[in-house]
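Data first, discussion second: the structure below is written as structure tokens.
Just so it is clear, none of the values below were taken in a lab; they were calculated from the coordinates. Keep in mind that this is a model prediction, so the values were computed, not measured. Positions of Cβ are generated from backbone atoms using ideal geometry, with glycine treated the same way; all protein chains shown enter the neighbour counts.
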Amino acid sequence: MLTKGEKAVVIAEVIINSNVKNLNKTFDYIIPTTLEGKVAVGSRIFVPFGNKKSLEEGFVVGIKETSQYLSKLKEIAEVQDKVYLSEDKIKLAKWMAYRYFCNISDCIKLMLPPGTTTKIVANRVNEKKQNFVYLTATEEQIEQDIENKKLKSDKQIRALRFLLNNNCEILSIDLQMFADVTNAVIKTLEKNGYIEIVEKEVERNPFIHKVIDSSSKLNLTDEQKSAYDAVEEAIDDCMNSEFLLFGVTGSGKTEVYLQLIEKVLNIGKTSVMLVPEISLTPQTVDRFIARFGQDKIAILHSKLSVGERYDQWYKIKNGEAKIVIGARSAIFAPISDLGLIIIDEEHDSSYKSEMIPRYNVKDVSRYLAKEYNVPIVFGSATPDMDTFYKVQQGEIELLELTKRANNAELPTINIVDMKQELANGNRSSISMKLYENIKENLSNKKQTILFLNRRGYSTFILCRDCGYVAKCKHCNIALTYHIKENKLKCHYCGYEEIPSGYCPECKSKNIKYSGSGTQKLEEEINKIFPSAKTIRMDVDTVTKKNSHEDILNKFRNENIDILIGTQMVVKGHHFPNVTLVGVIFADGSLNIDDYRANERTFQILTQVAGRAGRGQDKGNVIIQTYNPDNLSIEYSKEQNYRLFYNTEIIIRKQLKYPPFCDIILIGFSSENEKNVIESARFMYMSLKNKIINEKLQIILYKPVPAPIDKIKNKIRWRIIIKCKFNNEIIEALNTSLKDLNSKKLKDVKTIIDLNPTNMM
């Protein structure tokens, strides 16, 4: 152990909680004798840093006895009592920072309890504590004191008799309510020795109002049993294996998940079940609670209150919850005995973060599965092409479910050419075929889902005289009209304005509200079918807590005839009485600047079609399109994933797109256009020189403005790279990024995104 003067010292390696690039390294600090035994790997601490007067927060990532800077080292000033981070989580954070070109502190914050990462410490979430009342006096003593007039107050007597009659612990506020007394009365009883008030931690339980009947496991079909057996063997042998549960919509993948999790539960380990959408979570949770009860389950997603998420996090950390269900961030739950990872609807783009750190949950899952020697199960009816390619290469084992549960038939799918509808004089969003089918469905007391992946009323407003389109003042994007609020809104930055009713350019009142969103569709359906009970589910209607669950429950309980929605209504939902699904505009995802446009179109159409006919009655799906000959639309009609895959994979190979290479997007943004362009060009030349000098296998494209070249007043440029991602590429990018940062071009934000989901 080194000494400073005559005194032995212990050194902590600290990561400063900062997103500044040059601070993405460890700093050495002395652990003072006053904090010995309190500072450990994983501790959150406060330290003096640089010339700042205030203390900076940091995380201890290592303890050592040596430092080359010993004479200059400062001491740790404060330490939080709790140790949040395990060494495994710190290792994961370092791996993520290296792979995703971000600071270690950004990754560490993903692994901390929810509500504890805000800079203002006073605003951080803590345990919820409440006062409980316990009776300490005997019934005999109380009655004697009443008789002797020692107890004269009616209110005091009433509170004591309530406690005697109920003989249990009770919250102080509940006692006040039920006994009709004030807090002062309770305090007096405590002072006089009749009761004891104890402050105790209480759990903020998101399931508290759920009343769900228990369920038993179902008999597996031969296909389900075969899939179960394959994964069970990997669980028993502690094998780091990957499986794709490739099942048609409604084939019973969830039952396989439930029985695999039961297996893991029986051996005393924890399972993680990831679902892509918040709206899907309640249904999944309900099925799991019915099977396993509330106590063993923890749920993590953003629609819970911060306090609820905090308590659920600690429920996992303390080992009380053995089943973790949640969206993307649930993969960072504090699990020490991981036994299985399941990623349901694995094709979903929400598993890739678009915020720093820009991680892919599949990559993180693979890292964890390897560390713990556990299997991963990917589940989907329309697998990601990268995943299915790995199946073809023998890297992932295929488990196939070809039939729907209970032998239900796949729906009949019809494609309607909307160009022909226009030619026939129909200018409605609803084709004649869809109209007739909705009408028939209503008469048969069956339910309908209408899918339109555009929220709002109109997608843009246009001046018919001069061609002016209303655009956001801060983003180069058309504003969407929302009729309920009578506002034009930007779905990128949140800017709003009230339409004036005339063109600001030419003052014409010849304004056209063009395109249809879910609001307009809802209005149209209400006019056509006024007696039908209709409800809309999109981002605008699920702003309140549990609002998405309320809508789904109304529909599931058959209180609603027609459900109109965006992607929220597409994935994973099981509504037995839905026999008709209408896709209003199937072309929306085809017209985006993204190599996955065909894949996403096929996935969306197949998934939404899969909501129909999951009960006893055969389903019917009507897909409205202006491109009926598009292969993605044709193959979705056939529900033939392999046919789509075999066609699309040839195109991907020819154009050198994933899975045959990786795509790296380098984005630059700033309000200063000159600095953005200079940064992009500098980065391009730096990488070009590295390709030549280091013989890197990279296809480097010249810097260009992004497809949406302004968002939130910031000019946006990008560079696209195609390569096989490896450590050599990482080093080249990091070196070029470091060189760019040294130029100190003011206010330019640079991001590096590996295989981005959003190319815009």
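Spin-label point model (7 Å from Cα, Cβ direction): what's the Arg464 to Asn167 distance in nm?
8.1 nm
With +1 assigned to the C-beta of every Lys and Arg and -1 to the C-beta of every Asp and Glu, and no other charges, what is the dipole magnitude of the range 3-113 about the Cα centre in debye, to the nearest 20?
340 debye
Over the chain, what is the relative contact order in whole percent, taking alpha-carbon pairs under 8 Å and six or more residues apart?
Computed over the chain, the figure is 10 percent.
Given the options Leu163, Phe178, Thr136, identify the residue whose Cα lies farthest towards the positive end of the charge dipole of the range 128-202 (+1 on Cβ of Lys, Arg; -1 on Cβ of Asp, Glu).
So the residue furthest toward the plus end is Phe178.
If you add up the charges near Asn424, with Lys and Arg at +1 and Asp and Glu at -1, over every other residue whose beta carbon is less than 13 angstrom from its beta carbon, what do you get?
+1
Restricting to lysine pairs 8 or more places apart or on different chains, what number in the range 256-346 have Cα atoms under 19 Å apart?
Summing the qualifying lysine pairs gives 10.
How large is ³J(HN,Hα) for each residue in the range 685-691, as worked out from phi by the Karplus curve 6.51 cos²θ - 1.76 cosθ + 1.60 (θ = phi - 60°), to whole Hz, x for Gly and Pro?
Taking θ as phi minus 60°, the curve returns 5, 4, 5, 4, 5, 5, 4 Hz for the range 685-691.
With +1 on each Lys and Arg Cβ and -1 on each Asp and Glu Cβ, and nothing else charged, work out how big the dipole of the range 65-117 is about its Cα centre, in Debye to the nearest 20.
For this selection, approximately 240 debye.
Need the full-extension length gain, Ile212 to Lys187, defined as separation in residues times 0.36 nm minus the C-alpha distance. One decimal, nm.
5.1 nm
Once all Cα-Cα distances of the range 3-113 are split into 10 Å bins that start at 0, what whole-number percent is in each one?
Reading the bins upward from 0: 15, 48, 32, 6, 0.
Cα to Cα, under 16 Å, and not fewer than 8 places away if on the same chain: which lysines meet these conditions relative to Lys487?
Candidates past the 8-residue exclusion: Lys471, Lys473, Lys512, Lys520.
Once you put a point 7 Å from the Cα of Arg642 and another 7 Å from the Cα of Asp739, both along the Cβ direction, what distance in nm separates them?
5.0 nm
What's the exposure ranking of Trp95, Trp313, Trp717, going from fewest to most Cβ atoms within 10 Å?
Sorted ascending by nearby Cβ count, the order is Trp95, Trp717, Trp313.
For the chain, what is the charge dipole size about the Cα centre, in debye to the nearest 20, if Lys and Arg each add +1 at the Cβ and Asp and Glu each add -1 at the Cβ?
The dipole magnitude comes to about 2760 debye.
Leaving out same-chain residues fewer than 8 places away, which lysines sit with a Cα under 18 Å from that of Lys25?
Leaving aside lysines fewer than 8 places away in the same chain, those within reach of Lys25 are Lys64, Lys72, Lys74, Lys89, Lys91, Lys94, Lys109, Lys738.
Under a Cβ-Cβ limit of 4.7 Å, which cysteines in the chain have nobody to pair with?
Cys with no partner Cβ under 4.7 Å: Cys102, Cys107, Cys168, Cys238, Cys493, Cys661, Cys723.
Once all Cα-Cα distances of the chain are split into 10 Å bins that start at 0, what whole-number percent is in each one?
2, 11, 18, 22, 20, 13, 7, 3, 1, 0, 0
Determine which lysines satisfy two conditions relative to Lys653: a Cα distance under 27 Å, and not lying fewer than 8 residues away in the same chain.
Within reach: Lys352, Lys362, Lys390, Lys637, Lys688, Lys690, Lys695, Lys702, Lys722, Lys724.
Describe numerically, in nm with one decimal, the distance between label points set 7 Å from Cα along Cα→Cβ at Ile157 and at Lys512.
With each label placed 7 Å out from Cα toward Cβ, I get 8.4 nm.
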